[in-house]
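Below is one structure, written out as structure tokens, with a few remarks after it.
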Amino acid sequence: MSEREQPETTRPAVTPPRTAPGTPVSAPGTPPPAGLRRELPAEVPPAEPERNGGTEASRASHPSEAFQPRQTSGEPVADEPGGLVLTGRQRLVDGLWPPRVTRAQLIVALLLFGLGFGLAVQVASTSDTDGALHGARQEDLVRILDELDDRTERLEDEKQGLEKQREELENSSDQAEEARRQTIEKERQLGVLAGTVAAQGPGIEMTVEDTKGTVESDMLLDAIQELRAAGAEAIQVNGVRVVAGTYLSDVDGGVSVDGNKIKSPYRFKVIGKPQDLEPALNIPGGVVQTLEKEQATVTVERSDKIVVDALRAPERPDYARSSSR
């Protein structure tokens, strides 16, 4: 084969330097000896990737930075020098303040506030109602219970009386005569209540002496209502008969009862069961204690015979008529 037909062999572009047979080979990492030309370029440090505009390719070119965690603004890193370390209490404060209130939490808070306010009002009203009995003595409480028992017994007797009248009307041979007799008896009872008929019977007499002029009409009205609740059947105050429509008002130097001026001392004549009337006036926080707080002197006496002779003229109704035929 001729020299022209031989294939061309590739030669390296850079021929490594030849060393003499006796020249020792330098260890890696030692600077080259003087006089020799450096063939490889010096290592260039990698360029720092852009913070905001860097691409994924630039990160991939630097593996050491690809695995470093990003640091969010405002969060100190404990591993970095100079970074702040938050304690557990500081993290709790940062999580609770400023508060983040949602609509559901606001609605629940309003409902709980309304429930608590209602319970507070109920407890306060209950305390005010039972305040007079909290400081009462044992004897006073026993007397109040006895008064309630007497009222219950009185209502039971009235019920039995009505049932007896019904049985008499049903069993009487002459129902017309029995009905007439009961009608007369009922008229007499209604006359006593209306003040058109004089009455007498057991009861009490109460005298109120107001030397300071501090007793007002509403205090006397409370006494009348308390007596009625205790079962008073007829009441007379200083010669004025007290009926269902009686009204009291304050006037100069005294009190007006149905337009009639009366002065101290105020004398109450009451027909009823004395065992019920007197305790009703002396209950804790009742009529007697209220009047005594106004520096008035109150005396209550029982009697087997109280005469109520003040009368009221019968009034004919203007519009109401009897519906019986």
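The values are calculated or read from the model by the stated rules, or taken from the named source; none is laboratory data. Keep in mind the model is a prediction, meaning the values are calculated, not measured. All Cβ positions, glycine included, derive from the backbone under ideal geometry; neighbour counts span all protein chains shown. Keep in mind that these areas ignore ligands, DNA and RNA; they rest on the heavy atoms of the full protein, side chains included. Shrake-Rupley method; radii C 1.70, N 1.55, O 1.52, S 1.80 Å.
With θ taken as phi - 60° and the Karplus curve 6.51 cos²θ - 1.76 cosθ + 1.60 applied, the whole-hertz 3J(HN,Hα) list for segment 102-108 is 9, 5, 5, 5, 5, 5, 5 Hz, x standing for glycine and proline. The residues R91, R316, sorted by heavy-atom accessible surface at 1.4 Å with ligands and nucleic acids left out, run R316, R91 from largest to smallest. Sorted largest first by accessible area at a 1.4 angstrom probe radius, with every protein chain in place, the residues D304, D157, D318, D210 fall in the order D304, D318, D157, D210.
Taking 0.36 nm per residue of separation and subtracting the Cα-Cα distance, full extension of the segment from R267 to Q289 would add 6.2 nm. If you take the Cα centroid of segment 161-226 and the Cα centroid of segment 271-288, the two points sit 18 Å apart.
Taking 7 Å steps out from each Cα toward its Cβ at D218 and L311 produces label points 3.7 nm apart. Accessible surface of L248, taken over heavy atoms with a 1.4 Å probe and every protein chain present, rounds to 30 Å².
Between the listed residues G191, A244, G213, the Cα displaced farthest toward the positive end of the dipole of segment 189-260, a dipole computed from Cβ unit charges relative to the Cα centre, is found at G191. Here the spin labels are modelled as points 7 Å beyond Cα on the Cα-Cβ line, and at R91 and E209 they lie 8.5 nm apart. Taking all protein chains in place and a 1.4 Å probe, what share, in percent, of the accessible surface of segment 191-254 do carbon and sulfur account for? Carbon-and-sulfur percentage of accessible area, whole number: 47.
Against the criterion of solvent-accessible heavy-atom surface with a 1.4 angstrom probe, K186, K269, K305 sort, most first, into K305, K186, K269.
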